[in-house]
Each structure stands twice: as structure tokens, then as C-alpha cells.
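Sharing a structure with you now.
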Number of protein chains: 2
Amino acid sequence: MASDKNWQAIAASKRESNAAKIPEAWRLPQDILKDVHNSSDKNVLDIPRTCGILTDQEIDITEKHDATALLEKLAAGELKAYDVTLAFCKRAALAQQLTSCLTEIMFEEALARAKSLDEHLEEKGKPMGPLHGLPISLKDSFNVKGVQATVGYVSFVSHPPASQNSALVDILLSQGAVLHCKTNLPQTMMTADSENNVFGRTLNPNRLSLTAGGSTGGEGALLKMRGSPLGVGTDIAGSVRIPPHCNGVWGFKPTVGRIPFSGKTPPGRMGSPSSILPCIGPMGHSARDLELFMKTVLDCDPWQLDEGCLAVPWRRVEPVSKPLRLGLILEDPKRPLHPSIMRAMRTATDALRDAGHAIIPLEGQYPSIYETAILAWKFFLLDPAKTPLKYMKEGNEPFVASLATSRFPELDNYEPNLNDLFDMNVERRKIMKVYHDLVVQNQLDAIVMPMYQATAVPHDTYGLPIYTVLPNVIDYPAAAIPFLKASKDLDKDFVRSDIEYLPPYDADAVEGAPCGIQVVGKPMRDEVLMKVLKVIEDVLKPTT
Amino acid sequence: MASDKNWQAIAASKRESNAAKIPEAWRLPQDILKDVHNSSDKNVLDIPRTCGILTDQEIDITEKHDATALLEKLAAGELKAYDVTLAFCKRAALAQQLTSCLTEIMFEEALARAKSLDEHLEEKGKPMGPLHGLPISLKDSFNVKGVQATVGYVSFVSHPPASQNSALVDILLSQGAVLHCKTNLPQTMMTADSENNVFGRTLNPNRLSLTAGGSTGGEGALLKMRGSPLGVGTDIAGSVRIPPHCNGVWGFKPTVGRIPFSGKTPPGRMGSPSSILPCIGPMGHSARDLELFMKTVLDCDPWQLDEGCLAVPWRRVEPVSKPLRLGLILEDPKRPLHPSIMRAMRTATDALRDAGHAIIPLEGQYPSIYETAILAWKFFLLDPAKTPLKYMKEGNEPFVASLATSRFPELDNYEPNLNDLFDMNVERRKIMKVYHDLVVQNQLDAIVMPMYQATAVPHDTYGLPIYTVLPNVIDYPAAAIPFLKASKDLDKDFVRSDIEYLPPYDADAVEGAPCGIQVVGKPMRDEVLMKVLKVIEDVLKPTT
């Protein structure tokens, strides 16, 4: 429905009502904010610690623990849910002012909820559930009763607040979680730059001139800022892994159907016959936090709430005791690895090999990753009604800049049709068989591969996520592990002059940006991948 | 590829080479065979026992045991694999002569295999696996190395024998099974009369003038004739349940993806974007035999052989100890239950209620089952290339008669397209949610419903299987349980004069035909359904 107001006015009004939910005392001074813009090279990670708005205890709560450690203290009564929530609300408010990572702010509701959880613990003598008192942030597309889910469309700003929770939200609340904010995403969710015309662009706290990634980009920036101990996103091409990679935290895309997906606000049309389906996954600060999320949700029989959720309980599997067998996919010739990522991949695999694990190169044994990504995009573009464009038109809003960078020129004349869809499915199945057979024949525990050919890159240059969409095409679980940082000095040995870097490699522009690797598990073996991640974590000792 | 010969000659030659594989000594005399034709009212179930071709031991082996019992004796060395195989080969040969249930005959290979299994047991002192020495029959669409899989298309008769086993065939063999024959199915597999132009029509051994059902109709007749202790079919609309219902044995359709489906010869185009997918299921003589099949296959990690198979182990669940909560779906107004089926449903639910189980009527709480079946057919007819017709044209063969009865007039002008496919998926999801919520809110263990509105009916009158396709639409596991028989005398109290029976009810034509019920479990809870079936089996005490 087109509004009388122009889109700028609608968006400005939404942002103002948003900003008003940040208490005066939590607002950063102008001398800090003057450097906050998308061409600033500033790293803003230290500002929460130094700005004086957080108490020492709040700094300690937000910086020194992962979610699992916080939950132990919350359950033991060593920390109050109220204090933990207040600390993360304050820090999320700072993150918002520095990176524009939030959409909906629910601080007031969160603090009230935390208070009632503290009372619960005092009265009953035991926590409400395994997530008792833990603040959790959600991608904007999740529905929380009473809160809007505009997913960044101007036309959705006139929509009423959600009347029902997403299935996952009901579960998280039933287990004692506190929901303190929702986070930013890209227009249409189909680009890796989290910019939309309602909430603007999320900046990368490691360096504001770099992308925060997408589509769960707000979460990536918020988590790196430690404005949340645990975040939840969705992923169909890398959306819970790209922002962790860009910002330097952990992300996990489970096998499709394990976490209940229903009751969300979709950015496009429901009912797609695509064989590549979206799923929900956690983002956080440690391997054990990812497992905590998966285990807690699956222990709630989520299939009772969602007809699309697989009724497969979270299996108890033993920690890995034998040396791992890790397949290695290094790079696709169409998207050569930037020096910093090549160094991260080499350093990680060397360290894993040194620790006694087998690295099995798979080079040359799988079809072009670039072509596989094209196939994925053919599935993503199936809707003849082009529903996302319809939503944009209804709001009279322009395209964000990065959408133009998220297309394959090979698909310029692509018109989806039913006949081709049969062939696409056959092609996808062939690809699945290749990876299936590689895993079985080499007895692999997981595959190590890049998350992306580069670190976070300057805004609107990320392009197509060919490395992250591969696990979606074959429906394998996959994790983003932060590891090392771009360093002009250390990376120079990995510069190759005989290849073209896409996007271009600019050592100065990305100095200090987080690097990372991707670890891909076996389908429906999310439980096993968690144990593999812990082994890799022990070797690589990544910090977030 | 069109052949020079006419289709009749090609088919006759295939059938002759088939018939030649039945040893002279196993051939029935003409005075028995003269009554074997599709308008005969004859029940041929007793002929194997009375014709003098089987020894007393062979009669005992084939009639007095289910697969589980046979396997116990085989493993203990009380029965030789060779003797068991010989007994079932002989009886399958008789079944073939009486009902035309077989396609490929593998007696020679089976006997050689059985001999080697006996040697294995003697040498190693232990069976090869949990299926050691058990003859198993397979629907024709399974590939067995060295054997054709024509699936009843004339044009496929010129195809070479399979060069590889289906994934499931490899698994069954690895566990010690003996494969003694493949069984008949309908042209295109999309009708419930197992007739095709290569192998002809399978007759119902309970009464030759009745359909044996489809599409796994050959199995249904073979199992009822006790020419096999365990059969395997495929199901997308009822194909492993309709023939059990028509013939009076057990059948089970698991949740999609649990049994590896790859490496079969499809009757249509691969890569369908349908949301309703085919699956493989067992047919046999007891609830425990269905469980034996499922457990044995899943214990082999079948996902190692098939990239499309869900890596979800067979869960060990306790037998049901509490009274069951069973939802009841009685009938759809468009296809009222024939008197015999109404009596079977009433008698079964009364008996279950008397045994202390709760029967919860669901009438009026779900969408039209008839409309749901129309939706399913829209998914089945998605292929714009109409590949099955192409295969038929290549063989210059005509349609079998029943195909004309397996269409919805509502879909006469249906042309599938991508845009509608989105809406079809949304509609399907709504239906899934209705059943999901009914099961959750009523805390149901299973749903009891009809298999079909009638017993087996005269050839080419079965029409559309609206009751069996429902579990396929929502992807719930479902079993066919044989129960009672049509009896003009007992059924007359259930005749209603104010409704129209479709197909028409003719008490004399179906006298003595098996009746049955369908029991639908919860998705991915195949393990639990097995326990529920055993409870129901204890109450209803069905015989096969």
C-alpha cells in the first residue's frame, strides 16, 4: 500500500521512535559520534569499555563470558538476570549508536522480564530453564508479539506489530531467555550488505568503512560489540555465517528443518518450490554456545510447535576422541582467496595437521563452486511474481546499492520455468552425490573451506557468496569460525600477481579485519559437527 | 526408441522368456489354469497347498511363519536357506501362474545365493546378517545387477539389464537377504490396477475378478499367495498400502527419506519439484516384520549409500504401555465407505475402545480429503514434458484401461505452472498444519482411518485413492492392516440407501474380499508407529 508520505519521512519517523527507546544516560557524546559514518576507518570495539557509560561489572558481564558461562552464574544466582540484561541492553544501545545494528529495541520489556525471572529463581529455587536470564538478540524477521517485523521494507512500516511469536521465540521464552532487541538486515535479505531504506546501513565495528555482512548483519556487529551474548539469524546462502566472518564471531547453519522456522515475517513469497530452503541458526562467542542453542531448542520437542520441523531429537554424541579427517576445499578459480584468507586457511590447516589431524585435499574432485552458486541463484529467483520488488514498489523505495552487486551476469536473461526446474533438481542432486561420495569415501568428519574469498570488504563490494552457499545447496550443516586478522605485513607473502582478486584486494582498506574459516559437517549430523568444532576450537583458539 | 516389432510381439517374447524360468515340475496343470482369468470369481489361495507341487515342509515353511519367525530358525540352523528359498521360489512360481504377479524371475540366482549362505553359516558359525537366508521380493522398479527393470514399459524391454543395484538392494544383500523375484506394477505406476502391456494384469488371489491393487500390486498378490515372506514396494499415493489392503496383508509407508530411494528405475521424470515425494516401504505378514525391515535397513547407516537418505538412526523406543489415543477419520462425503469397510472400521474402533484405548473423532476438523487428493494430483502432474507418455509412445503401446479411471475430472484442463506451484505449496502447508495441530492438541498416538472406501473392487474400477494419498500429502508414516472380510450377510446392516457408492457397491462381486484399516503415525516417528501397530495387532488379531 503506497503511503502519502515519502519513503524518507516514513523511515525517519520509524528510526526516531526507535532512537527514543535509548535512555538519555546511555547516549554517546557527539565527539565520539562525529567519526561514526560509513567511510570512517575507525575501529569502535573499545568504545563501550572506555566511554564511561558501563560500570565495571557491566564491562565484566559483557566481555568476559560466553553465554554458557553466563548461564552457569545466572542459574547459581551469582548473577542477577536483571543485571545481566541491563548490561547487555546498555551495550546494545552503544552498539546501535556506533554501527546501526538494531531494528526493534525491547530494552524495557527485557528488563521487566529479567526482573520476573529473578523473582522466579528466588521463589522456586531453580531457574526457569536452561536459558534462564540470558539476553538473546534476534534478526528482525522473527516475530515477537507486540513488536513490529518490518524486515526493512518501507511498506511494512505501516504493518501492525506481530500478534504472535515465531515458534522459536516461544521456545526461547519458555526456556527462560530474555529478548532485548532485533537486528538489522539487507533490503530483500538477498545481499551481503545489511542496508535497507528503513534502518539504514549496519557498519562493521572492526572498521566502520567495511561491510558488516548479511543478511544477519545487525547480529554480526552487535555480537562483536558484545551487545548480546547470543544471537539468532536465518541462512539460505550464508546469512548466519557471513556476518560472523565479517565481524569476527561464530555462526552456525544447521541442517534444514532442525530448528522450527514457522511464524516469521518473510522478505519474499511463501511456498517456493526451491530445493534449497532457509534455516535458522545461532551466532555467538564459542563452539559450546552454538551447541547450547541447538541442544536447548531441540530438547523442547520443537516439532510440537511447527509442522515443518523435523521430529528428530538432539542426539547425545560423545566428544571426538580420534584424530579428525578433514577434507580441504581451498579455492574456486573464479574467486581466488585474498592473501589474508589464504594465510588464515594455511595457518589453520597447518595447525590442525600439527595437532595430529588429517587434512585431505579435495581439489579437482568437485564441480565448480561458482557454477554451483549460479544454480543456487536460479532456485532463489524462482518467483514469477517477484514479490520482494512488489513490496519495495508499495513503499516507493529505491534499491539499496549492494543489490546490483549480488547478481550473476550469467543470469541476466534468466526466466524461471517449471521445465527447467526439473533439470535444476537433477543438477543439484548430482552435486549432492559428489560431496556425499567424497565424504563417505574419504571417511571425512568435516570439510574445511573458506567462508569467503576475502575478509569484510568496503561497503557494497562483497558481491556473491559462492563459498557459503555451497553448504546450503547440499544441505550440510556449516559453521563460521573466526581466526586471525588481516595484516598487511603478514599477508604480503600470500599475495599472488598472476590472478585477479574479486573484489579487488586493498591491504590498507582491510587492515585488522577478522579472518575466518568455514567448517562443513555431515547432513543431519549437526550433533557430531559440534564436537568437531570443539576440537578445532582447541587447536585454533580463536578469540571473539 | 520405436522398435520394428509391434508391441504385442515384444511383450509376448518378454513374457515367454520369463515363463521359461519356471521349471517344468512347478507348472500347474491345465485343469487348474483354465479357470485363471480376469473374470473368474475363483479364490486361488488354497491351490499351492492342494496342487501337490509343494512338499509338506514347503507348505509349512511358506504358510506357518512370518519373516521374523523364519529368520530365527534360519539363524539357528533349524532351517536351511536353500530349503526356505526353494519353498518360496516354488510358491512364487505357482503365484505367478495363478495371478501374473511376477516380472523378473531370479529363482536360479536365489538358490545359488541361498546355498552360499548355508555354507557361510556352516563355516563362520553365524549368520551373514539379520536377514540371513530370507527370500525377499521386490517391485520391478528396483534395480538388481544383471536383471532388467522395464517397469512395464514396452520401450524399456530393449534396455540392457541393470548394471548396478539400487541402494536398498545392496543393503538387503549385505544383511543376508535372498532376492528371488521382482513383481508387477501398473503402466506409469499411477493407477491402482497393476496392469501393463509387457507383463499383463495381476489378479487378486482372493478372487481373480478383483483388482490386486497398485502400484505394488504384484507384491500384494504374491505375499497373499505366500510366495514371499517379505516384499518391498514404493509409495507416493498408497502404492505399498493399496495392494496389502486389496489382498489382505500388511503394508507400511515410512516417512519420506528414511529408506534410501536411489538407484531405481523411475516410471517418469527425475527432478520433480513436487513437495510430495515417493518412498520405499515393506509389505508382509505381521507388524513385527515391518519393524524388522525398517530397523535392519536403518541400522546399516543407509545414508552412506544415498545422498537423499536422512541420516537419522532407527531409534530404540519402548513398547507402548499406556492406553493409546487414536484419532478417528471415518469417511469423506465424496467417497462414502462401502458397508464392508464401514463394518471393519466400526468393529476395529469398537474393539480398540473395549480394550481401553481412546478413540477421538476428528470429523469436521480437517479439510476435504477429496480436495486434498486433488492437490496431490496437481503435484503428480507437474512434468510439462509428460515423460511417461513419451515412454509409452516410444513403445507404440496403448494406455491400459484403468488409467482413464485414475484422473480427477476437476483437473481436465490443468496445466501446471511455476506460479501456481507456489500457491500449491502454501495450500499443502496449511493442510499439514491442520493435521499437525490435531495430533498435538489431542495428544494422539496415531490416526485410524480407512485405506479405501471399499475392498478390492472389480478390475479397472478402483479409481482414485483419496484415503491413502492423505498421509503422502502430509508426509506421515502409515500402515495398512488387514482386518475382516466382506460378507454380504454381515455387511447388510451397514448398507445406506441415501448415499451413492463410488465405485458402485456390489455385495456379490466382493464377497470374501479382505477388508482393512489404515493407521497413520506421526512424521519421523516411524519407530513409535511400529509399537502402536503391535498394540493394535494384539487387539484386532488380523490374519494374513
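Using DSSP to define loop residues, name the chymotrypsin sites (Phe, Trp or Tyr not before Pro) in segment B:368-435 whose beta-carbon has at most 13 other beta-carbon atoms within 10 Å.
For chymotrypsin sites (Phe, Trp or Tyr not before Pro) across segment B:368-435 that sit outside H, G, I, E and B with at most 13 neighbouring Cβ atoms in 10 Å, the list reads B:PHE399.
Report, largest value first, the span of the C-alpha coordinates of the protein assembly as shown along each principal axis, in whole Å.
Result, largest extent first: 106, 64, 56 Å.
Within segment A:372-450, what is the number of lysine pairs with alpha carbons under 27 Å apart, leaving out pairs fewer than eight places apart on the same chain?
The result is 5.
Mind checking the alpha-carbon convex hull of segment A:415-501 and giving the volume per residue in Å³? Intermediate values should be presented prior to the final figure.
On the way: hull volume 15.8 nm³, N = 87.
It is 182 Å³ per residue.
Report the convex hull volume per residue for chain A, counting only C-alpha atoms, in Å³.
Details: hull volume 77.8 nm³, N = 544.
Convex hull volume per residue, Cα atoms: 143 Å³.
Something else about it: Restricting the calculation to Cα positions, tell me the Rg (one decimal) and the Dmax (whole number) of segment B:331-480 in Å.
Using the Cα atoms of segment B:331-480, the pair Rg, Dmax is 18.0, 58 Å.
Using a Cα-Cα cut-off of under 18 Å, which aspartates and glutamates could be cross-linked to B:LYS541, ignoring same-chain neighbours fewer than 8 residues away?
Within the straight-line cut-off, B:LYS541 pairs with B:GLU63, B:ASP66, B:ASP289, B:GLU291, B:ASP350, B:ASP354.
Only counting other Cβ atoms within 10 Å, I'd like A:CYS246, B:CYS515, A:CYS89 sorted with the fewest neighbours first.
A:CYS89, B:CYS515, A:CYS246
So, R0 is 35 Å and r is the distance between the beta-carbons of A:GLU394 and B:GLU415; what FRET efficiency does that work out to, to 0.05?
Calculated transfer efficiency: 0.70.
Scan around B:LEU179 for amide H atoms under 5 Å from its own, H built in the peptide plane at 1.01 Å from N, and keep only partners 5 or more places away or cross-chain.
Close amide H contacts, sequence-distant or interchain: B:ILE136.
Related question: Using just the helices of the protein assembly as shown, give the 222 nm mean residue ellipticity in deg cm²/dmol: DSSP H runs with n ≥ 4 each add -39,500 (n - 2.57), and the total is spread over all residues, rounded to 500. It would help to have the intermediate numbers written out before the result.
On the way: 38 runs with 402 residues, N = 1088.
Mean residue ellipticity at 222 nm (helix-derived): -11000 deg cm²/dmol.
Which aspartates and glutamates have a Cα less than 12 Å from the Cα of B:LYS485, not counting those fewer than 8 places away in the same chain?
List returned: B:GLU511.
Enumerate the amide H contacts of B:ASN143 below 5 Å, restricted to partners 5 or more residues apart or on another chain; note that Pro and chain-start residues carry no placed amide H.
B:SER166, B:THR265
I would also like to ask the following. What residue among B:ALA162, B:ASN43, B:ALA81 has its Cα farthest toward the positive end of the dipole of segment B:30-165, where the charges are +1 on Lys, Arg and -1 on Asp, Glu, each on the Cβ?
B:ALA162
I would also like to ask the following. Give me the distance between the Cα centres of segment A:518-532 and segment A:10-84, rounded to whole Å.
Centre-to-centre distance over Cα atoms comes out at 33 Å.
Then there's this: So how far, in whole Å, is the C-alpha centre of segment B:391-458 from the one of segment A:296-323?
Here the two parts' Cα centres lie 31 Å apart.
Let me ask something else. How large is ³J(HN,Hα) for each residue in segment A:416-430, as worked out from phi by the Karplus curve 6.51 cos²θ - 1.76 cosθ + 1.60 (θ = phi - 60°), to whole Hz, x for Gly and Pro?
For segment A:416-430, the Karplus curve yields x, 8, 5, 4, 5, 4, 4, 5, 4, 5, 5, 5, 4, 4, 4 Hz.
Separate question: Set Lys and Arg Cβ to +1 and Asp and Glu Cβ to -1, take the dipole of segment B:168-318 about its Cα centre, and tell me which of B:SER194, B:GLY176, B:PRO278 lies farthest positive.
Positive-end residue among those listed: B:SER194.
Additional query: Considering only DSSP beta bridges with both partners in chain A, what is the antiparallel share in %, to the nearest 5?
Antiparallel: roughly 65 percent of the beta bridges in chain A.
Taking the Cα atoms of segment B:314-363, report the difference between the largest and smallest coordinate on each principal axis, in whole Å and largest first.
Largest first, segment B:314-363 extends 40, 27, 18 Å along its Cα principal axes.
Provide the convex hull volume over Cα atoms per residue for segment B:455-544, in Å³.
Considering the Cα atoms of segment B:455-544, their hull volume per residue is 127 Å³.
Let me ask another. Label points 7 Å out from Cα along the Cβ direction at A:ARG15 and A:CYS51: separation in nm?
Label at A:ARG15, label at A:CYS51, 1.7 nm between them.
When the dipole is taken about the Cα centre of the protein assembly as shown, and only Lys, Arg (+1) and Asp, Glu (-1) are charged at their Cβ, what size is it in debye, to the nearest 20?
340 debye
Between the label point of B:VAL317 and that of the same position in each other copy, find the distances and list them shortest first in nm, with every label point placed 7 Å from Cα along the Cα-to-C-beta direction.
For B:VAL317, the inter-copy label distances come out at 2.3 nm.
Considering only segment B:127-270, what is the antiparallel percent among its DSSP beta bridges, to the nearest 5?
Of those bridges, close to 30 percent are antiparallel.
In Å and from the alpha-carbon atoms only, list the Rg and Dmax of segment A:127-252.
My reading of the Cα-based Rg and Dmax gives 14.1, 42 Å.
Here's another thing I want to ask about it. Which shape class, rounded, prolate or oblate, goes with segment A:1-134 when its Cα gyration tensor gives a ≥ b ≥ c as root eigenvalues, a/c under 1.5 marks rounded, and past that a/b bigger than b/c marks prolate?
Since a/c reaches 1.5 but b/c is at least a/b, the shape of segment A:1-134 is classed as oblate.
Return the sequence-ordered ³J(HN,Hα) values of segment A:13-22 in whole Hz as given by the Karplus equation 6.51 cos²θ - 1.76 cosθ + 1.60 applied to θ = phi - 60°, using x for Gly and Pro.
With the stated coefficients, segment A:13-22 comes to 5, 4, 5, 5, 5, 5, 4, 5, 7, 9 Hz.
Which loop-located GluC sites (Glu not before Pro) does segment B:62-93 contain, where loop means any DSSP state but H, G, I, E or B and the Cβ has at most 12 other Cβ atoms within 10 Å? Let's see the in-between values first.
Details: sites: B:GLU63, B:GLU72, B:GLU78; in loops: B:GLU78.
Passing both the DSSP loop test and the Cβ count: B:GLU78.
Suppose every Lys and Arg Cβ carries +1 and every Asp and Glu Cβ carries -1, with no other charges. What dipole size does segment A:195-274 come out with about its Cα centre, to the nearest 20 debye?
For this selection, approximately 80 debye.
What distance in nm separates the two pseudo spin-label positions at B:ASP301 and B:GLN8, each 7 Å out from Cα along the beta-carbon direction?
About 5.5 nm, to one decimal.
OK, next. For A:HIS37, project a label point 7 Å along Cα to C-beta. Then give me every residue of segment A:447-479 with its amide nitrogen under 19 Å of that point.
Residues A:458-460 fall inside that zone.
Assuming R0 = 51 Å, can you tell me the calculated FRET efficiency for the pair B:THR405 and A:SER158, based on Cβ-Cβ distance, to the nearest 0.05?
On the way: r = 52 Å, r/R0 = 1.03.
Once the sixth-power term is evaluated, E becomes 0.45.
Additional query: In the protein assembly as shown, what percentage of the DSSP-assigned beta bridges are antiparallel, given to the nearest 5?
65 percent
Starting from the amide H of B:ILE360, placed 1.01 Å from N in the peptide plane, find each other amide H under 5 Å away whose residue is 5 or more places distant or on another chain.
For B:ILE360, the qualifying residues are B:LEU326, B:GLY327, B:LEU328.
Also: Sort shortest first the distances from B:ARG15 to its counterpart in every other copy, using label points 7 Å along the Cα-to-beta-carbon line, and give them in nm.
7.9
To continue, here is another question. Ordered shortest first, which distances in nm separate the 7 Å Cα→C-beta label point of A:LYS430 from those of the other copies?
3.9
I'd like the Karplus ³J(HN,Hα) series for segment A:394-403: coefficients 6.51, -1.76, 1.60, θ = phi - 60°, whole numbers in Hz, and an x wherever there's a Gly or Pro.
4, x, 6, 9, x, 5, 6, 4, 6, 4
Every number in this text was worked out from the coordinates using simple rules, so none of it is lab data. Since we're looking at a predicted model, the values are computed, not measured. Virtual Cβ from ideal backbone geometry, glycine too; neighbours counted across all protein chains shown.
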